[in-house]
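In what follows, a structure is listed as structure tokens, so that the remarks can point back to it.
Only the coordinates and a few stated rules stand behind these numbers; no lab work does. Keep in mind it's a predicted model, so treat the numbers as computed, not measured. Virtual Cβ from ideal backbone geometry, glycine too; neighbours counted across all protein chains shown.
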Amino acid sequence: MRLIGILDYGIGNVGSIRNMLKKAGCESSIVYDAAALAACDKLILPGVGAFDEGMDRLDKSGMRQALDTAVTTGKPVLGICLGMQMLGLSSEEGKCEGLGYIPFRNIRFRLQDQPGLKVPHMGWNYVTIKHEPDPIVRGVSEPPRYYFVHSYHAQCDNQADVLMLCEYGYSFVAAVRHGNVWGTQFHPEKSHRFGMSLLKNFAEVC
């Protein structure tokens, strides 16, 4: 079984992700440095909070270059919540450049004409899968729903990179995939059986 490394750079729910992977029967390890990262077969980049703080903490962790190398050499990587946003080019939330693995920019929800909807978008919501053959959604037989907490969302340069869509005032990107890099705006580790299925698929077939 391949080892999944969960990056701990001080700003993610690493324990919850590892627990969900364990329930799914998948082997994982929390990694704190470049050497441990390089030893893993697949990687998960979690994240909660502000964009610039996430990028700054990742840079200071010493794992940024090793993560870049992992992506360029084809190692599967999954970004979760802020971790997904960091996969892109930039965010309206901050001034830092993102990792740039997928060409998208993060924008704040534009809900001025819908006073009944609040920012952040928080809670359970259904998604539409745009590319059902993708291995990370293998075996999904009904409209899946996941748990969201976010004020910003991705705006992709290329529609081919959009894996899932969700509705909150309007249609927004809920998940992305470009080559060996995936990202989910929602939290699979908080999304019960649908989240467990997604993480298990990432571990076994991505």
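State the Kirkwood hydrodynamic radius of segment 38-132 in Å, one decimal place, computed from all pairs of distinct Cα atoms. Don't skip to the answer; put the middle values down first.
Details: mean 1/r = 0.0668 Å⁻¹.
15.0 Å is the Kirkwood radius here.
By average Cβ neighbour count within 10 Å, what is the ranking of 145-152, 156-163 from highest down? Show your work: numbers first, answer last.
Values: 145-152: 19.8, 156-163: 15.6.
Ranking, from highest mean packing down: 145-152, 156-163.
Given charges of +1 on the Cβ of Lys and Arg and -1 on the Cβ of Asp and Glu, with all other atoms neutral, how large is the dipole of segment 46-102 about its Cα centre, in debye to the nearest 20?
Working: 5 positive and 8 negative charges, 54 e Å.
The calculation lands at about 260 debye.
Taking a label point 7 Å from the Cα of ARG108 along the Cα→Cβ vector, which residues of segment 158-179 have an amide N closer than 20 Å to it?
Flagged as within label range: 168-173.
Provide the three semi-axes, in whole Å and in decreasing order, of the ellipsoid equivalent to the chain as defined by the square roots of 5 times the Cα gyration tensor eigenvalues. List each step's numbers first, then the result.
Numbers: eigenvalues 118, 82, 46 Å².
So the equivalent ellipsoid measures 24, 20, 15 Å along its semi-axes.
What is the dipole size for segment 1-135, taken about its Cα centre, with +1 at each Lys and Arg Cβ and -1 at each Asp and Glu Cβ, in debye to the nearest 20? Walk me through the intermediate numbers first.
On the way: 15 positive and 15 negative charges, 59 e Å.
Roughly 280 debye for segment 1-135.
Quick check: Cα centre of segment 11-34 to Cα centre of segment 121-146, how many Å?
22
Nearest 5 percent is fine: what portion of the DSSP beta bridges confined to the chain is antiparallel?
Taking every DSSP beta bridge within the chain, about 60 percent pair in antiparallel fashion.
What number, rounded to the nearest 500 deg cm²/dmol, is the helix-based mean residue ellipticity at 222 nm of the chain, given -39500 (n - 2.57) per DSSP H run of at least four residues and division by all its residues?
On the way: 6 runs with 54 residues, N = 206.
That comes out to -7500 deg cm²/dmol.
Beyond 20 Å between alpha-carbons counts as too far, so tell me which of LYS22/LYS60; LYS22/LYS190; LYS23/LYS200 fall in that bin.
As for pairs spanning more than 20 Å Cα to Cα, those are LYS22/LYS60.
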